[in-house]
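Undergrad: So that we are looking at the same thing, I have put the structure below in structure tokens.
The values are calculated or read from the model by the stated rules, or taken from the named source; none is laboratory data. If you're wondering where the values come from, they're calculated on a predicted model, not measured in any experiment. Glycine gets a Cβ as well: all are built from the backbone with ideal geometry, and neighbour counts include every protein chain shown.
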Amino acid sequence: MIDILKRFFKKYLFFIFLQKINTYFLKKKHSKVIFYQTQRSSGTSLKFFFWKYFGRKVFYKASSTLRPFDNLDDNYIIFQGHRSYIKSDKIKKKYEFTIIRNPLDALISLYFKKLNLSKTDYNQDKSIVEINNFSISDFVNHQKKYYSDNLLTRMFCDKFIFSFIHKLTPPVKVQNTKYPFLNDKDKNLAIENLKKINVFIYETLDRKKLYKTLGTKFFILDKTNYNKSMKSHIISGEDKKKLLELCVYDFEIYNLFLKNQKYNSNPYKY
């Protein structure tokens, strides 16, 4: 028992030392790191990476209100969350990045996450999708009803409707619905805003390169977290068509950045 405790203590001290080194070099390179976490695009894996190699003291995981980061507390260096982007020049040398994924795959992953929320995450209550055992069609209609289409576009043109739609059973009061519908102008604004930050593609993500852009000196390429609830499910062609209704603008944005990454793939082909 004593030997186990000694090994644990040595490992703990080793990681504390590692975190201090990585944080030192991070501070030399960037004043703040802001990760705009899009849906189902390696956010959990990045969170665990930050915890492990920088420590929780410098890391802030924002609640998923989908509103912009309104206060970058000086006690933290790394910020992550499902938050909308708004251009700000107040902080110099900040490093902003996001990871975007094939929108259809992201929606499929989101659907099964919500359908199995209490089974895959025991800290979570059942979602409205799980409570009502939503089909794909039900899920699509629900997303449309509460203006949760084109999630990537909404995040980067700051047109999210904050409603906690996955947490509560109806009726849900939707806030900030003055301009709920999207148009080409919103899509173009989202593209322009994405060009101002560092964009990585989920399907071609070089994690080693990403980690080094943060100034990380010492790390191991840990295993990526995957949505286990998707493994035994097959999505029909009709369901894919339904889901595509929710991400028309997102696909245009995704294809644009995909092309710039020189990745030869056709995300529409299933």
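Undergrad: Can you name the residue in region 229-270 that is surrounded by fewer than 12 Cβ atoms within 10 Å (Cβ to Cβ) and in a helix (DSSP H, G or I) and is also modelled with the lowest pLDDT among such residues?
TA: 260
Undergrad: Inside region 121-133, can you point out the residues that are surrounded by fewer than 19 Cβ atoms within 10 Å (Cβ to Cβ) and part of a loop (DSSP other than H, G, I, E, B)?
TA: Going residue by residue through region 121-133, those that are surrounded by fewer than 19 Cβ atoms within 10 Å (Cβ to Cβ) are 121-126, 130-133.
Answer for region 121-133, where residues must be surrounded by fewer than 19 Cβ atoms within 10 Å (Cβ to Cβ) and part of a loop (DSSP other than H, G, I, E, B): 121, 122, 123, 124, 125, 126, 132, 133.
Undergrad: Are any residues in region 48-95 more than 18 Å from the chain's Cα centre (by Cα) and of a type in the set (Gly, Ala, Ser), and if so, which ones?
TA: Result: 55, 88.
Undergrad: Tally time: how many residues in region 202-218 are of a type outside the set (Lys, Arg), in contact (Cβ under 8 Å) with a residue 60 or more places away in the chain and over 15 Å from residue 45 (Cβ atoms)?
TA: Qualifying residue count for the region: 3.
Undergrad: Let me ask something else about it. Tell me the residue from 88, 118, 84 that is within 24 Å of residue 258 (Cα to Cα) and among the small types (Gly, Ala, Ser), please. Give the steps one after another, and end with the answer.
TA: On the way: 88 fails: within 24 Å of residue 258 (Cα to Cα); 118 fails: within 24 Å of residue 258 (Cα to Cα).
After applying the criteria, what remains is 84.
Undergrad: Can you tell me which residue among 118, 109 is touching a helix residue (DSSP H, G or I) at 6+ places or on another chain (Cβ under 9 Å) and either free of Cβ contacts under 8 Å to residues at least 40 places away in the same chain or assigned to a loop (DSSP other than H, G, I, E, B) (or both)?
TA: Exactly one residue qualifies, and that residue is 118.
Undergrad: Moving to a separate point now. Listed residues 186, 138, 222; which is assigned to a loop (DSSP other than H, G, I, E, B) and either closer than 30 Å to residue 25 by Cβ or at pLDDT 90 or above (or both)?
TA: Result: 222 is the single residue among 186, 138, 222 that is assigned to a loop (DSSP other than H, G, I, E, B) and either closer than 30 Å to residue 25 by Cβ or at pLDDT 90 or above (or both).
Undergrad: Working only within region 71-113, note down all residues that are crowded, with 21+ Cβ neighbours inside 10 Å, over 14 Å from residue 35 (Cα atoms) and charged (D, E, K, R).
TA: Scanning region 71-113 gives 101, 113.
Undergrad: Where the second residue is of a type in the set (A, V, I, L, M) and crowded, with 18+ Cβ neighbours inside 10 Å and the first is within 21 Å of residue 113 (Cα to Cα) and lies in region 44-62, which pairs have Cβ atoms under 8 Å and are six or more apart or on separate chains?
TA: Filtered contacts from region 44-62: 46/99.
Undergrad: When the residues of region 23-47 are narrowed to those that are under 10 Å from the mean Cα position of the chain (by Cα) and of a type in the set (A, V, I, L, M, F, W, C), which ends up farthest from residue 71 (Cα to Cα)?
TA: In this case the residue turns out to be 46.
Undergrad: Related question: Is there a residue being under 23 Å from residue 252 (Cβ atoms), among the hydroxyl-bearing types (Ser, Thr, Tyr), in a helix (DSSP H, G or I) and modelled with pLDDT of 95 or more anywhere in region 86-103?
TA: No: region 86-103 contains no residue that is under 23 Å from residue 252 (Cβ atoms), among the hydroxyl-bearing types (Ser, Thr, Tyr), in a helix (DSSP H, G or I) and modelled with pLDDT of 95 or more.
Undergrad: I would also like to ask the following. Starting from region 236-253, take each residue that is within 16 Å of residue 38 (Cβ to Cβ) and list its partners that are at pLDDT 95 or above and among the hydroxyl-bearing types (Ser, Thr, Tyr), counting only C-beta distances under 9 angstrom and pairs at least six apart or across chains.
TA: Note: pairs meeting the criteria are 247/153; 247/254; 249/153; 250/153; 252/153; 253/153.
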